[in-house]
Amino acid sequence: MNIELRHLRYFVAVAQELHFGRAAARLNISQPPLSQQIQTLENEIGARLLARTNRSVSLTEAGKQFLADCQQILMQVEESAARAARLHQGETGELRIGFTSSAPFIKAVSDTLSLFRRQHPDVHIQTRESNTREQITPLNEGALDLGLMRKTQLPETLEWQIILREPLLAMIHRDHPLAAQAQVSLAELVTEPLVFFDPQVGTGLYDDILGLLRRYGAPVITQEVGEAMTIIGLVAAGLGVSILPASFKRVQLNEMRWLPIAEQDAVSEMWLVWAKHHEMSQSAMRFRQQLLAAANVHSFAVNE
């Protein structure tokens, strides 16, 4: 059958008005083409929908059934169009974000997540905690829209923008002699037993922090773990010292001290990353814009 939506709209107007003249005026077309289109529709269906006399128009039984079905079809079309428009405008859909364990501790990130949720309650935010290297493949394959990760070597298929440069802080047990100092140097830290990430974990912090320490000696890693929170717990237990970005300072344990590092280049970068070859959804673009705006407003403070 060659039935178009306009045929359904024309029929609904006539069926509701039960008058071709009024229906034509409602549709803003002339009456003869409307009568012709209704006749074409009846021919396509193979059923008489309207009973016509010189004085009246009425619905046949087939017409009554077809009217109910037409109204439902037209409503579904309008709802589908509205859903598509809302999805295109970023008001619905899904936003998939990968992030390292430190990302939620960054004020610009947590503020943006909260603001985006309030402004776009119908967008489902799916978060996936994974280390820096683990985010690269999902971003390339389109399984993630955005990734929050530490500085690392990225393939040419990904784009990135720095959202934060934050100081690195030393973590030292409260009873350690260095804990009484106002700050500590990398030369002092490199001689201490180090609690740090397992190199197989794939965190972007591994090469950065060890690279800084190796300028002053050969760090000895005595405990290798997979999570930053485990590092904090082991330092609090007195099993060594460590270094993490200042955003983790929100985790406060009585047994441990956070100390500034004297070297000015002891900093870490948090990147927002996305794929070049995948079309970014409107919701992802909005989140990116809001996060970059928040990152410009919220300069990081160690005591934050």
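Largest first, the extents of the alpha carbon coordinates of the chain on the three principal axes equal 106, 32, 29 Å.
The length gained by stretching the chain between residue 118 and residue 78 to full extension, at 0.36 nm per residue less their Cα-Cα distance, is 11.7 nm. Mean separation of Cα pairs under 8 Å and 6 or more residues apart, divided by the residue count, gives segment 93-304 a relative contact order of 33 percent.
Be a star and scan segment 56-84 for residues whose amide nitrogen sits under 13 Å from the point 7 Å along the Cα-to-Cβ vector of residue 9. Answer for segment 56-84: 74-75, 77-78.
Against the empirical 2.2 N^0.38 Å (N residues), segment 5-88 has a Cα radius of gyration ratio of 1.17. For helix 282-297, report the angle its Cα long axis makes with the longest principal axis of the Cα atoms of the chain; keep it between 0 and 90° and round to the nearest 10°. Between helix and principal axis, roughly 40 degrees. What the phi angles of segment 99-108 give under the Karplus curve with 6.51, -1.76 and 1.60, with θ = phi - 60°, is a coupling list of 8, 6, 5, 7, 4, x, 7, 7, 4, 4 Hz, glycine and proline written as x. Here the label points at residue 110 and residue 156, each 7 Å from Cα along the C-beta direction, are separated by 4.1 nm in the simple model. Taking θ as phi - 60° and the Karplus parameters 6.51, -1.76 and 1.60, the scalar couplings of segment 71-82 work out to 4, 5, 4, 5, 5, 5, 5, 5, 5, 5, 5, 5 Hz in sequence order, x denoting glycine and proline.
Normalising the average separation of contacting C-alpha pairs (under 8 angstrom, six or more residues apart) by the number of residues puts the relative contact order of segment 177-219 at 51 percent. Of all lysines in the structure, those lying under 21 Å Cα to Cα from residue 276, and not within fewer than 8 positions of it along the same chain, are 151. Projecting label points 7 angstrom from Cα along Cα→Cβ for residue 229 and residue 94 puts them 2.5 nm apart.
Between residue 181 and residue 265, the contour length at 0.36 nm per residue exceeds the alpha carbon distance by 28.3 nm.
Where does each of 66, 11 land when they are ranked from fewest to most other beta-carbon atoms within 10 angstrom? Provide the component values of the computation, followed by the final result.
Details: 66 22, 11 25.
Ascending number of Cβ neighbours within 10 Å: 66, 11.
Sorting 29, 163, 209 by the number of Cβ atoms found within 10 Å of their own Cβ, with the fewest placed first, yields 29, 163, 209.
Using the crude model of +1 on Lys and Arg Cβ and -1 on Asp and Glu Cβ, and no other charge, please compute the dipole size for segment 5-88 relative to its Cα centre, in debye to 20.
220 debye
Each peptide among 67-76, 270-279 gets the average number of other Cβ atoms lying within 10 Å of its residues, and from highest to lowest they stand as 270-279, 67-76.
FYI, it's all coordinate maths here, none of it is from the lab. Just so you know, these numbers come straight off a predicted model, no measurement behind them. Methodologically, a virtual Cβ is constructed for each residue, glycine included, from the backbone with ideal geometry; neighbour enumeration extends over all protein chains shown.
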